[in-house]
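Step one of this worksheet: look at the structure below.
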2 protein chains.
Amino acid sequence: MSKSKLVRPHGGGELKPLMLSGAALAGEKKRAETLKKINISSRETGDLLMMGCGAFTPLEGFMTKADWKGVCDEFKMANGLFWPIPITVSTDDEAVKEGDEIALVDSDNGEMVATMKVTEKYTIDKAYECKKVFTTDDMEHPGVQKVMAQGKYNLAGPVKVLTEGGFPEEFGDLYGTPAETRAIFEKNGWKRIAALQLRNPMHRSHEFLAKIAVEVMDGVIIHQLLGKLKAGDIPADVRVAAINALVDNYFVKGTVVTKGYPMEMRYAGPREALLHGVFRQNYGCSHLIVGRDHAGVGDYYGPFDAQKIFDQIPEGSLELQPLNIDWTFHCFKCGGMASMRTCPHGKADRLLLSGTMVRKTLSEGGQLPPEFSRPEVVAILQKYYQGLEEKVEVKLHGAATGDVKK
Amino acid sequence: MSKSKLVRPHGGGELKPLMLSGAALAGEKKRAETLKKINISSRETGDLLMMGCGAFTPLEGFMTKADWKGVCDEFKMANGLFWPIPITVSTDDEAVKEGDEIALVDSDNGEMVATMKVTEKYTIDKAYECKKVFTTDDMEHPGVQKVMAQGKYNLAGPVKVLTEGGFPEEFGDLYGTPAETRAIFEKNGWKRIAALQLRNPMHRSHEFLAKIAVEVMDGVIIHQLLGKLKAGDIPADVRVAAINALVDNYFVKGTVVTKGYPMEMRYAGPREALLHGVFRQNYGCSHLIVGRDHAGVGDYYGPFDAQKIFDQIPEGSLELQPLNIDWTFHCFKCGGMASMRTCPHGKADRLLLSGTMVRKTLSEGGQLPPEFSRPEVVAILQKYYQGLEEKVEVKLHGAATGDVKK
């Protein structure tokens, strides 16, 4: 199994991390202080961090209008490189002009994230991008909201990244760069590696996806999103604790690597599955597990559109392949986990709980059946939901005694 | 998925079925009556039937001494073709000589199986073949026994096959030629197909192997051996009934094809796994499921030697790839089927029954736990074992009353 090498980074060259280090970093930080500052959104920060660690190899910065158009229309940049979603930065600042050197500042925390040489300033049709990328311009869609809230102008140009956004400090070993995961895979002698994309705690259906991959691959990387989610999603620290509890108790050591990456969800469904494929290839993965409604939200995408799209892109777009797995669940008649492809029984035999039902049960302090979620995982989620409950109670109590201003 | 074609037959050319049909068959049968007759063993008959249906493509007959030596020593024939086990026919007949046309007759039932032009008559070191192929010349090994019982001379030469050995008549649709399974796969739009080799009824561990493959492939062929087994193995008709009961009740229609092939077991472990790979490629399979102790017997082979050997043969020997899966079982702590790669728990949590234990339970009319075997399967096996019991009782009873001669 270990005879051959890992998949090459996207584009076929070397990893291209845009994060500076040492004297270059110190110097650039100093220079950045002197530059015009542009505030950027959390999504833009996340994309810069992905460029910084090499996960967006071979990008060298934010996309030009020609790139933007090519990516929207044909999944490729002006230079012909396959890319599924525009990676852009925007501003309303009228004063910024082509040729400017600017500093990009995270508007959430004021951190200087990168410097950039502006090579192009252009306007886009935001609704057009939304319809292409999200297949909708419905303002209820969380990804659409962010595009529509962008500044009036997009700025293109190469970037130098100045920070890892605090992720290594906050998440320790869980944070890993593509160079680091590649080194781990090589040390393990792995060549066939499937990535399990996660932005929720792992219930048994996710465990089953990972375990199918463990059965037939050299190894699996449980690869969590550490960037921002939408309101109501479980925060990263709780999810990390729940996933660790599952891995510690139900996986064989040496078959699974658990890591996180700093991007934010766009909820672009099929297009985002492709982006997940692009950067997983950079992390050294030969396969991306694509299950039901991958990177979807609401009812915008067909449940298996994200699998189908891998067949619709030109051959050779990616070295990474999808590992498509059907809708998974526990079936009492099968006596174990199964999918629509392997269980011939009916709804009555299957344990199917909606996300809403799961959240309701947990927030009311109820138990989830062990066929749905491991007790070790449920305990952590119950604790989190109880905490939420207490916070709400404290707030209400405070309000009642006049401590909290409206 | 259906964009590309099936794997090519072994050797890269067209399927080469050596079975005659129509007028050619009638004429050759007539001519065979006039030829010198040589009795052959059930193993040799099985190999001829495999050549007849195209499963041994691109062989044109029995191997020469140079082929035999190359296959024993280097897994390849004199023409350089990869082949893992000698395919030979033998005789003690001193009168047969090179240039003779002979008829090969199944010594079990007297059926004329093939005609052959003898191009070479040679002797071999049988013990040498056994040590190479079986890694042992222990006479307790059922494969060794058959080689050591061969005639004094091997005969090489092209064959014309005259029969399908009664398999289509006995097994109906279950019998399928490589051309037929390829047509089914193409009709289904399948490209990635895993073969599950079976010579025993399917318990849940085999069901699990097949289902892992269903999850990640286009489809699975449950491919049963219909040729001879060793004493004590479950006969084909009982096995077929048990497998049908399992497939009907626990698999999704359209994910599994069930077929059989007419070869006999050699119990050559790793080498036989390679032979299983060669002919599964001819049947159109891209993958062969290789589990624990594939094609093994007793303790002659390490439990995963048959997986390792696929890494030891020269690259490009086969288009088919192994789908290696670890030792599978039900784990009560996992709450379902698992393997050594996916279950981190201990022996006490796992349901592990030896073949001996299973046979003992069934022959005593006992139940197997549903975590080990599906009730529908157990019912069929119980009936079979009860029948055996009755036969033994009848025999004993007959003997006692003097009805049965010694």
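The values are calculated or read from the model by the stated rules, or taken from the named source; none is laboratory data. Because the structure is predicted, anything quoted here is derived from the model rather than measured. Note that we place each Cβ from the backbone using ideal geometry, even for glycine, and neighbour counts take in every protein chain shown. All accessible areas refer to the heavy atoms of the entire protein, side chains included, with ligands and DNA or RNA removed. Shrake-Rupley method; radii C 1.70, N 1.55, O 1.52, S 1.80 Å.
Could you run the numbers on buried accessible area between B and A, total for both chains, 1.4 angstrom probe, in Å² to the nearest 100? Write out the running numbers ahead of the final one.
Numbers: alone 18470 and 18500 Å², together 34280 Å².
Approximately 2700 Å² gets buried when B meets A.
Which whole-number percent gives the relative contact order of the stretch B:3-135, counting Cα pairs below 8 Å spaced six or more residues apart?
Numbers: 172 pairs, mean separation 35.0, N = 133.
Reported relative contact order: 26 percent.
Got the relative contact order for chain A handy, in percent, Cα pairs under 8 Å and 6 or more residues apart?
Details: 763 pairs, mean separation 69.0, N = 406.
Over chain A, the number comes to 17 percent.
Please compute P(r) over all alpha-carbon pairs of the stretch A:168-386, binned at 5 Å starting from zero, and give each bin as a whole-number percent.
1, 7, 14, 18, 22, 18, 12, 5, 2, 0
Would you mind giving the average projected area, over all directions, of the Cα convex hull of the protein assembly as shown in nm² with one decimal? Please report the intermediate quantities before stating the final value.
Details: hull surface 171.4 nm².
Averaging across all directions leaves 42.9 nm² for the Cα convex hull.
Please sort by residue number the GluC sites (Glu not before Pro) in the stretch B:62-154 whose DSSP state is loop and whose Cβ has at most 11 other Cβ atoms within 10 Å.
Hits after loop and neighbour filter: B:Glu94, B:Glu140.
Copy-to-copy spacing for B:Pro369, label 7 Å out on the Cα-to-C-beta vector, in nm, shortest first?
2.1
As a test of the formula, what do you get for the protein assembly as shown when each DSSP H run with n ≥ 4 contributes -39,500 (n - 2.57) and the sum is divided by the residue count, at 222 nm and rounded to the nearest 500 deg cm²/dmol?
Values: 26 runs with 299 residues, N = 812.
Theoretical 222 nm ellipticity from helices: -11500 deg cm²/dmol.
Out of residues 5 or more away from B:Gly336 or on other chains, whose amide H comes under 5 Å of its own, with H placed 1.01 Å from N in the peptide plane?
Residues meeting the amide H criterion: B:Cys331.
Roll a 1.4 Å probe over the protein heavy atoms and report the accessible area of B:Ser21 in Å², nearest 10.
Approximately 80 Å² of B:Ser21 is accessible to the 1.4 Å probe.
Counting only the heavy atoms of the protein chains, how much of A:Ser354 is accessible to a 1.4 Å probe, in Å² to the nearest 10?
50 Å²
Identify all lysines with a Cα-Cα distance to B:Lys333 below 16 Å; exclude those on the same chain that are fewer than 8 residues away in sequence.
A:Lys211, B:Lys347
Among chain A residues, which Cβ is nearest the axis of the A-onto-B rotation, and at how many Å?
A:Gly336, 1
In degrees between 0 and 90, to the nearest 10, how far off the longest principal axis of chain B does helix B:178-188 point, with axes built from Cα atoms?
Here the helix axis deviates by roughly 40 degrees.
Provide, in order from the shortest bin, the percent of all Cα-Cα pairs of chain B in each 10 Å bin, continuing until the bin that contains the maximum pair distance.
The distribution over chain B is 5, 21, 31, 26, 14, 4, 0, given as percents.
A drop of at least 40 square angstrom in accessible area, chain alone versus all protein chains together, probe 1.4 Å. Which residues of the stretch B:225-250 meet that?
B:Tyr250
Treating the point 7 Å from Cα along Cα-beta-carbon as the label, what are the nm separations from B:Lys308 to the other copies, to one decimal?
Copy-to-copy label distances for B:Lys308: 4.7 nm.
Sorted by mean Cβ packing within 10 Å, highest first, what order do the peptides B:130-136, A:316-322, B:325-331, A:382-388 take?
Working: B:130-136: 20.0, A:316-322: 18.0, B:325-331: 22.0, A:382-388: 15.0.
The packing order, highest mean first, is B:325-331, B:130-136, A:316-322, A:382-388.
Structure shown: which of B:Lys160/B:Lys230; B:Lys187/B:Lys253; B:Lys131/B:Lys308; A:Lys29/A:Lys259; A:Lys76/A:Lys117 lie over 21 Å apart, alpha-carbon to alpha-carbon? Intermediate results must be reported in sequence, preceding the final value.
Values: B:Lys160/B:Lys230 28 Å; B:Lys187/B:Lys253 15 Å; B:Lys131/B:Lys308 18 Å; A:Lys29/A:Lys259 28 Å; A:Lys76/A:Lys117 23 Å.
Among B:Lys160/B:Lys230; B:Lys187/B:Lys253; B:Lys131/B:Lys308; A:Lys29/A:Lys259; A:Lys76/A:Lys117, the Cα-Cα distance tops 21 Å for B:Lys160/B:Lys230; A:Lys29/A:Lys259; A:Lys76/A:Lys117.
Would you mind listing the distances between the A:Asp233 label point and the same position in each other copy? Use 7 Å along Cα-to-C-beta, nm, one decimal, shortest first.
In nanometres, ordered from closest: 5.3.
At a temperature of 25 °C and a viscosity of 0.890 mPa s, determine how fast the stretch B:275-345 diffuses translationally according to Stokes-Einstein, using the Kirkwood radius over alpha-carbon pairs as Rh; express D in µm²/s, rounded to the nearest whole number. Before the final figure, lay out the partial values.
Numbers: Rh = 13.6 Å.
Answer, rounded: 181 µm²/s.
Could you tell me how many cubic angstrom of Cα convex hull volume the stretch B:114-189 has per residue? It would help to have the intermediate numbers written out before the result.
On the way: hull volume 13.3 nm³, N = 76.
Hull volume normalised by residue count: 176 Å³.
Just need the relative contact order of the stretch A:234-312 here, percent rounded to a whole number, with Cα pairs under 8 Å and 6+ apart. Before the final figure, lay out the partial values.
Values: 56 pairs, mean separation 22.3, N = 79.
Value for the stretch A:234-312: 28 percent.
What value in Å³ per residue do you get for the convex hull of the alpha-carbon atoms in the stretch A:22-167? List each step's numbers first, then the result.
On the way: hull volume 16.1 nm³, N = 146.
Cα convex hull per residue, to the nearest whole number: 110 Å³.
For the stretch A:149-252, what is the convex hull volume of the alpha-carbon atoms per residue, in Å³?
On the way: hull volume 16.9 nm³, N = 104.
In the stretch A:149-252, the Cα hull volume divided by residue count equals 163 Å³.
Checking the a/c ratio against 1.5 first, then a/b against b/c, what shape does the Cα gyration tensor give for the stretch A:214-273?
Details: a/c = 2.69, a/b = 1.46, b/c = 1.84.
Cα axes put the stretch A:214-273 in the oblate bin.
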